[in-house]
1. GLY129 fails exactly one of the following numbered conditions: (1) within 29 Å of VAL186 (Cβ to Cβ); (2) small (Gly, Ala, Ser); (3) away from the ligand (no atom under 11 Å from the Cβ). What is the number of that condition?
2. Inspect segment 6-29 for any residue being more than 15 Å from the ligand (Cβ to nearest atom), free of Cβ contacts under 8 Å to residues at least 12 places away in the same chain, surrounded by fewer than 20 Cβ atoms within 10 Å (Cβ to Cβ) and more than 24 Å from ARG176 (Cα to Cα) and give the result as yes or no.
3. Return yes or no: is LYS183 closer than 30 Å to ILE4 by Cα and among the basic types (Lys, Arg)?
4. Looking for something touching a residue at least 24 places away in the same chain (Cβ under 8 Å), within 30 Å of ASP64 (Cα to Cα), crowded, with 20+ Cβ neighbours inside 10 Å and among the small types (Gly, Ala, Ser) - is there at least one such residue anywhere in segment 105-113?
5. What strands (runs of 3 or more DSSP E), lying completely within segment 136-216, carry at least 1 residues that are more than 22 Å from ILE92 (Cβ to Cβ) and basic (Lys, Arg)?
6. Have a look at ILE52, ILE92 and point out the one that is of a type in the set (Val, Ile, Thr), part of a loop (DSSP other than H, G, I, E, B) and over 17 Å from the mean Cα position of the chain (by Cα).
7. Filter segment 95-121 down to residues that are assigned to a loop (DSSP other than H, G, I, E, B) and more than 13 Å from the ligand (Cβ to nearest atom), then give me how many there are.
8. Within segment 32-46, take every residue that is more than 15 Å from the chain's Cα centre (by Cα) and closer than 18 Å to ASN107 by Cβ and give me the one that is farthest from the ligand (Cβ to nearest atom).
Amino acid sequence: MKRIAVLASGRGSNFEAIARAVKSGKIPANLPVLITDNRNAKAIERAEKLGINWIFVDPTSFPDRETYDAKIVAILKHLNVDLVCLAGYRKIVTSVFIKAFPMKILNIHPALLPSFPGLKAQEKAIRYGVKVSGATVHFVDEGVDTGPIVIQAVVPVSPEDTPETLSEKILSFEHRIYPQAIKWFVEGRIKVNGRNVIVENADYSKLPAVPALEDF
Ligand code: GRF
């Protein structure tokens, strides 16, 4: 079975969704470790409750981001990890990390990329006035939220939405599409051709519904 690791810096709700999908057997993989750069991450409590090993790697003990990433890579290689899942991991990963795991690092972003990359994506979507937003699981390349897209979920934005309510709606889909993307990866069904990701035997006919239109 393939071995996956999750890197998280905060709340860890995506980590928990992934861990539960592994425990229930929906994702046929092992999850040997959660790695965090934040000793106070709520993700650590979740790992303890779920009985998953966690490792805190303190960024202040390293001179720069590259040496920090080299340490993380060494841990992941030692554990024979095949896939790295960033889930609310607040550090931008350097080329040291990306070269060690080419097309083997996934991230989840709370917007429909390429719209609203970077921080505060939900707030940016509301300010811009978009009518739909959503979540994106993508491979990590050297840019910020620019790698090939694996799966997206569309979430309608209503006039009453605040960044908080929209975040909540998007999050419930994050918890579904991230485990789904990981399952596809560990089953070896993902083929990457430049920017295009093709999932073998995925049902591409179930496209997101259009908004409820009035007589058109
Ligand atoms: C999620 O919204 C994710 O899309 C973004 O950071 C948030 C992490 O939430 N990258 P959690 O720590 O998984 O609860």
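Just so it is clear, none of the values below were taken in a lab; they were calculated from the coordinates. This one's a predicted model, so the numbers in the text were calculated from it and none came from an experiment. We place every Cβ from the backbone using ideal geometry, glycine too, and count neighbours over all the protein chains shown.
1. Evaluating GLY129 over (1) within 29 Å of VAL186 (Cβ to Cβ); (2) small (Gly, Ala, Ser); (3) away from the ligand (no atom under 11 Å from the Cβ) leaves (1) as the failure.
2. No, segment 6-29 contains no residue that is more than 15 Å from the ligand (Cβ to nearest atom), free of Cβ contacts under 8 Å to residues at least 12 places away in the same chain, surrounded by fewer than 20 Cβ atoms within 10 Å (Cβ to Cβ) and more than 24 Å from ARG176 (Cα to Cα).
3. Judged against the criteria, LYS183 is a match.
4. Within segment 105-113 (the criterion being touching a residue at least 24 places away in the same chain (Cβ under 8 Å), within 30 Å of ASP64 (Cα to Cα), crowded, with 20+ Cβ neighbours inside 10 Å and among the small types (Gly, Ala, Ser)), the answer is yes, since at least one residue qualifies.
5. 190-193
6. On inspection, the qualifying residue turns out to be ILE52.
7. 6
8. The extreme case among them is VAL33.
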